[in-house]
Amino acid sequence: MEPSSLLFLGLALGLAFAFECVNGFHDTANAVETVIYTNSLRPTVAVVWSGLWNLTGVLLSSGAVAYGIVALLPVELVLHVGSGAGFAMVFALLISAMTWNVGTWFIGLPASSSHTLIGSIVGVGLMNSLLSPGHVFGDGVNWSKVQDTLAALVISPIVGFVGSALLLLLVKFLVRQPDLYKSPEGKKPPPLWIRAILVLTCTGVSFAHGSNDGQKGMGLIMLILIGIVPASFALNLTIGGGELTALKANNAAAQKTLQPYVQYAGMEPAIAEQALSDYIKVSGTISDNVYGALANRNLQLGKDIEKISSLSQIPEADRARVRTEIYLVDETITKLGKTKKITADEKAALAAYKKELDKATKFIPDWVKIAVALCLGLGTMVGWKRIVVTVGEKIGKQHLAYAQGGSAELVTMLTIQSADMLGLPVSTTHILSSGIAGTMFANRSGLQTQTIRNILMAWVLTLPVCVFLGAMLFAAGILGVLKLLGVH
């Protein structure tokens, strides 16, 4: 690698890992809040224990949430991440997200790393569409994916509030043990059986946090690696054997589906790529030209994989190009599947093909997962106390009781796991904070209006502030600096 590329790789990865550390300030701290606040575990033990289960959750994660975040990014960034504009986008969205996260952490407010990251992505996408010639304003954002993601982020805290309140009431009806509904007394730990419950719920939230929140930076890290070191990371080089055979078979089946448009297959590759790139944007519309471009790129992809037994046999110089082909074919099929322009049989054939295509590009190496988990744990160890105190002492007028903490954490764990299966990013902070508030409401413990108002204000401001920060950093700062350095 050239020194300049190595420098950008180090800076970009450093920012991405720093974002995960800051994520630990906010989100992982919530996982250890109950066991620390109730004296069930000492802070050091709780943080290490939580870190281990975060690591487990990250390692066992599917990557669906990571690439769900990537799906929010402008098409230009995904296709040209190695360019100056691509680097500028990554730098801008990470710096803006970290700035807001650190600010809200400093004053002890639980804020959502999901909201900060998504707001920053939208800001960068909007500004990119404004600055790029021939673009319609707003065309640089995947609005349908943003809508799905925001719906999950809005609904999940409601589930946390209502679910935690109902669970606490159910437990109070079924379990007549007064100790369970007491608040901590000084440094005295709770009875052993209560400690076991709280440690178990802490473990569940930590695992769930790792499997969902831990993925938020992974997709961006992979984009960085793909852009700077495409020979090693553009494709999943472990794909071979039966998986590659399935990919070839589905490629041929898809080409048969596109046979009516094969007369377009002779168009120039650059024209075909542009046609698909335009189609997969929000404003893109279907036409025979798009079908022809899909047949063109799919035919070339078939030739690229026809005579190999593993993706590692694709020449290093061709891997970035093959990844672009797969991305364009994959995303075009995804958008086609949402229309009524193809038959049910065609939709099923293309969906099976998409599943195999995803395996070739949507992967995350174990070392990336481990590094992210370590960064989350480090962030928690550095900054857990501010958020723990807010959630444990300042949401309700009375101190958090054992049953309240356990109920909120159990509901949080189940909610996050459900979102994880759907590939949707949600906020551990929002769900657990809402869950604590729900238990306070159900228990008639009262809510501290000042704290609730401050938390809600942080929630409301997060998206617009991060949209603005991401847009301004991209347009006025980072893009200009990179141009001065000669990165195009």
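The values are calculated or read from the model by the stated rules, or taken from the named source; none is laboratory data. Worth saying up front: this structure is predicted, and the values here are computed from it rather than measured. In this analysis, Cβ positions are derived from the backbone assuming ideal geometry, glycine residues included, and neighbour counts consider all displayed protein chains.
When PRO189 is tested against the conditions (1) within 30 Å of PRO425 (Cβ to Cβ); (2) at pLDDT below 85, the lone failure is (1). The residues of the stretch 253-310 that are among the hydroxyl-bearing types (Ser, Thr, Tyr) and more than 26 Å from LEU73 (Cβ to Cβ), listed by number, are THR257, TYR261, TYR264, SER309, SER310. The residues in the stretch 318-361 that are modelled with pLDDT of 85 or more and either hydroxyl-bearing (Ser, Thr, Tyr) or farther than 22 Å from ASP278 by Cα (or both) can be counted, and the count is 15. So which residues in the stretch 139-155 are under 16 Å from the mean Cα position of the chain (by Cα), under 12 Å from PRO74 (Cα atoms) and surrounded by 21 or more Cβ atoms within 10 Å (Cβ to Cβ)? Passing the criteria: VAL141, ASN142. On the stretch given as the stretch 91-138, residues that are of a type outside the set (S, T, N, Q), buried (at least 24 other Cβ atoms within 10 Å of the Cβ) and modelled with pLDDT under 75 total 2.
Residue under question is ARG195, and the condition is that it be of a type in the set (D, E, K, R), crowded, with 16+ Cβ neighbours inside 10 Å and out of contact with any Cys (no Cβ under 8 Å at 6 or more places or on another chain); does it hold? For ARG195, the condition - of a type in the set (D, E, K, R), crowded, with 16+ Cβ neighbours inside 10 Å and out of contact with any Cys (no Cβ under 8 Å at 6 or more places or on another chain) - is met. For residues that are of a type in the set (Ser, Thr, Tyr) and either modelled with pLDDT of 80 or more or surrounded by fewer than 20 Cβ atoms within 10 Å (Cβ to Cβ) (or both), tally how many sit in the stretch 12-37. So the count comes out to 0. Mind checking which residues of the stretch 237-268 are under 32 Å from the mean Cα position of the chain (by Cα), more than 15 Å from TYR353 (Cβ to Cβ) and of a type outside the set (Gly, Ala, Ser)? Those that are under 32 Å from the mean Cα position of the chain (by Cα), more than 15 Å from TYR353 (Cβ to Cβ) and of a type outside the set (Gly, Ala, Ser): LEU237, THR238. Among the residues of the stretch 310-324, the one identified as surrounded by 14 or more Cβ atoms within 10 Å (Cβ to Cβ), farther than 20 Å from GLU243 by Cβ and aliphatic (A, V, I, L, M) is ALA320.
Is it the case, given these coordinates, that ASP288 is touching a Gly at 6+ places or on another chain (Cβ under 6 Å), surrounded by fewer than 19 Cβ atoms within 10 Å (Cβ to Cβ) and among the acidic types (Asp, Glu)? So ASP288 fails the test. For the stretch 53-63, a residue qualifies if it is surrounded by fewer than 20 Cβ atoms within 10 Å (Cβ to Cβ) and either aliphatic (A, V, I, L, M) or assigned to a helix (DSSP H, G or I) (or both), and the qualifying residues are THR56, LEU59, LEU60.
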